[in-house]
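Peer 1: Handing you this structure, nothing more for now.
A short reminder: the numbers here are calculations on the coordinates, not readings from a lab. In this text, all values refer to a predicted model and were calculated from it rather than measured experimentally. Glycine gets a Cβ as well: all are built from the backbone with ideal geometry, and neighbour counts include every protein chain shown.
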Amino acid sequence: MSHSHFLRGGRIIDPDRGMDATGDVLIVGETIAAISTRRGALSPPEGAVTIDCEGMIVTPGLVDPHVHLREPGGESKETIASGAAAAILGGFTTLCCMPNTNPPIDLPSTVEFVLQRARAASGARVFPSGAATVGRRGEQLAPMGAMAKAGAVAFTDDGDCVASAGMMGKVLAVCASLDKAFMQHCQDPTLTEGGVMNAGVVSARLGLGGWPSVAEEVIIERDVRLNRIHQCRYHAQHLSAGGSVEIIRRARGTGQPVSAEASPHHLLLTDDACGTYDPVMKVNPPLRTDADIRAIIEGIVDGTITVLATDHAPHTASEKSRDFSEAPFGMIGIECALPLYMKALLDSGAIEWPRLVALLTLEPARLLGLAERGIGRLFESGPADVTVIDPNHRWTIDAQAMRSKSRNCPFHGWQVRGRAREVFVAGSRLLSAGAPAGAPQTSTHATHAN
């Protein structure tokens, strides 16, 4: 018989069905064989591994729709295999990787390459996004139809904005015809020349080039106006400015299929963090103010922002040790995102577990068109992508101990609460009692049923 696991007595949260109840989950082979919320109604088959989930939260595998895995071309920073392994430690079972690689993902053959590398890696599922324009240069449409056929789940020129309104209109039209989301990196390049951090009091004091919020806002405003015609699934990446939230809120209020995401660093860090000139704090879009954080959290509370995404952006130590103005933008975060989201959104009382789980599973899966494949959902006969979270586990974030190839984590040394304990992808147990499968374990939580 197929290998089976019996997750006993956890708090099962499935946003798709509105389920939030204590119960048991039986995984047989690659699928979920049974879910029961009636005490004792389900018993493990002979030979099943029983995992005590009392006090734990059992959710669909977490989905991150915005990561940089750097392969091809940047393998010294991250590879598909290292990123997919790091994701498991963070509780993520599905990733969507960005096309700003070298060469960029702007051809069906590169999409196929990423999928092939992902299949060879033993970690999270990886789905590529395709570039919307050739070379991500914003001048000519990339072969999006062919890339979609090859397996691209969304389109974006991430790392760069589609700056031309004329080209943007064409991109929206093609994405609408393909029923794929377009994910915009919202940055007007003419407003950010020389900008390395938020334009404001802190940048003036530090003598660093300022990057105004309006650079983000004008692009979103332009795009949602263009999209009135096309009604493409339009997604604004990594919101950093309070004004952006208001534009998204207004567009959604008119019924436009517009969505947006927030990242851990834009929920927890302000531009004050740049005060020591530490290049680890340099990110695109930049860290902004307390007022911006409050507006983003309010956008999450009222349903304007429906997705959480890390924007995991690895860089080598030598790149990130340059002067602040010269160092590349970007932070890593996939291994520690979960407790950071908990800190920003649960500990503050902004939202509760069922909503947090939706933001991390069902909503990003819908954005990427993966919910129809069963990703981001928990149901009988569905794929056994499952994350078991210990909400009370206290630990210290240690960038040096991360599975990622890079160390540019702004949260190094933070004391946090909450961690993935068990992770299954297609029924394979890749994280066991908080340790990668195959690693020595100190826990006695897992027992074999007689």
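Peer 1: Dipole magnitude of segment 327-446 about its Cα centre, charges +1 at Lys/Arg Cβ and -1 at Asp/Glu Cβ only, in debye to the nearest 20?
Peer 2: The calculated dipole for segment 327-446 is roughly 260 debye.
Peer 1: In addition: Grab the Cα-Cα distance for Ser109 and Asp179, subtract it from 0.36 nm times how many residues apart they are, and report the gain in nm with one decimal. Don't jump to the answer; show the numbers that get you there.
Peer 2: Values: separation 70, 0.36 × 70 = 25.20 nm, distance 2.10 nm.
Once the chain is fully extended between Ser109 and Asp179, it gains 23.1 nm.
Peer 1: Just report the Cα centroid separation between segment 51-65 and segment 261-319, whole Å.
Peer 2: 25
Peer 1: Normalise the Cα radius of gyration of segment 365-405 by 2.2 N^0.38 Å (N = residues in it) and let me know the number.
Peer 2: Against the compact-globule rule of thumb, the ratio is 1.70.
Peer 1: Separation of segment 137-186 and segment 78-128 by C-alpha centroid, Å?
Peer 2: First find each Cα centre; the distance between them is then 19 Å.
Peer 1: At a Cα cut-off below 28 Å, give the lysines reachable from Lys405, other chains included and same-chain residues fewer than 8 away excluded.
Peer 2: Correct list for Lys405: Lys77, Lys282, Lys320, Lys343.
Peer 1: Suppose R0 equals 25 Å. What FRET efficiency, 1/(1 + (r/R0)^6) with r the Cβ-Cβ distance, do Ala21 and Asp52 give to the nearest 0.05?
Peer 2: That gives a FRET efficiency of 0.90.
Peer 1: Additional query: Using a 7 Å offset from the Cα along the Cα-to-Cβ direction at both Gln140 and Ala120, what is the distance between the two label points in nm, to one decimal?
Peer 2: Distance between label points: 3.0 nm.
Peer 1: How high is the FRET efficiency between Asn392 and Thr316 when r is their beta carbon distance and R₀ equals 51 Å, given to the nearest 0.05?
Peer 2: Computed FRET efficiency for Asn392 and Thr316: 0.90.
Peer 1: Now a separate question. Can you list residues whose amide H is under 5 Å from Glu261's amide H, if they're 5+ apart or on another chain and H is modeled 1.01 Å from N?
Peer 2: Amide H to amide H, under 5 Å and 5 or more residues apart or across chains, Glu261 pairs with Ala236, His238, Leu239.
Peer 1: If I take every Cα pair under 8 Å that is 6 or more residues apart in the chain, average their sequence separation and divide by the length, what percent do I get for the relative contact order?
Peer 2: Reported relative contact order: 20 percent.
Peer 1: So, one more: So if each residue of separation counts as 0.36 nm, and I subtract the Cα-Cα distance between Arg417 and Arg373, what length gain in nm does that give?
Peer 2: Stretched fully, the Arg417-Arg373 segment lengthens by 12.7 nm.
Peer 1: I've got another one for you. Tell me, what ³J(HN,Hα) does each residue in segment 218-224 have, in order and in whole Hz, if you take phi through Karplus 6.51 cos²θ - 1.76 cosθ + 1.60 with θ = phi - 60° and put x for Gly and Pro?
Peer 2: Ordered by residue, 3J(HN,Hα) equals 5, 5, 5, 4, 4, 5, 5 Hz.
Peer 1: Under 10 °C and 1.306 mPa s, how fast does segment 1-122 diffuse according to Stokes-Einstein, given a Kirkwood radius computed over C-alpha pairs? Answer in µm²/s, whole number.
Peer 2: Answer from the Stokes-Einstein relation: 95 µm²/s.
Peer 1: Report, for the chain, the % of DSSP beta bridges that are antiparallel, rounded to 5.
Peer 2: 55
Peer 1: Give the long-range amide H neighbours of Leu431: residues separated by 5 or more places, or on another chain, with amide H under 5 Å away, using H modelled in the peptide plane at 1.01 Å from N.
Peer 2: When sequence neighbours closer than 5 places are left aside, the close amide H contacts are Val423, Ala437.
Peer 1: Spin-label point model (7 Å from Cα, Cβ direction): what's the Arg38 to Ser381 distance in nm?
Peer 2: A separation of 2.0 nm, rounded to one decimal place.
Peer 1: Starting at the first residue of segment 32-43, write each ³J(HN,Hα) from the Karplus equation 6.51 cos²θ - 1.76 cosθ + 1.60 with θ = phi - 60°, in whole Hz, x for Gly and Pro.
Peer 2: Result, rounded to whole Hz: 7, 7, 7, 10, 9, 10, 9, 4, x, 6, 10, 10.
Peer 1: Something else about it: Please give the length that would be gained between Val301 and Ala437 if that part of the chain were fully extended, namely 0.36 nm times their separation in residues minus their C-alpha to C-alpha distance (nm, one decimal).
Peer 2: Result for the pair: 45.3 nm of gain on full extension.
Peer 1: Using the basic label-point model (7 angstrom from Cα toward the beta carbon), what is the Glu75 to Thr190 distance in nanometres?
Peer 2: According to this spin-label approximation, the distance is 4.2 nm.
Peer 1: Report ³J(HN,Hα) in whole Hz for each residue of segment 139-144, in order, from the Karplus equation J = 6.51 cos²θ - 1.76 cosθ + 1.60 where θ = phi - 60°; Gly and Pro get x.
Peer 2: Rounded to whole hertz, the list is 10, 8, 4, 7, x, 5.
Peer 1: Related question: As a test of understanding, state the convex hull volume per residue of the chain from its alpha carbons, in Å³. Walk me through the intermediate numbers first.
Peer 2: Details: hull volume 58.5 nm³, N = 450.
Taking the convex hull of the Cα positions in the chain, it is 130 Å³ per residue.
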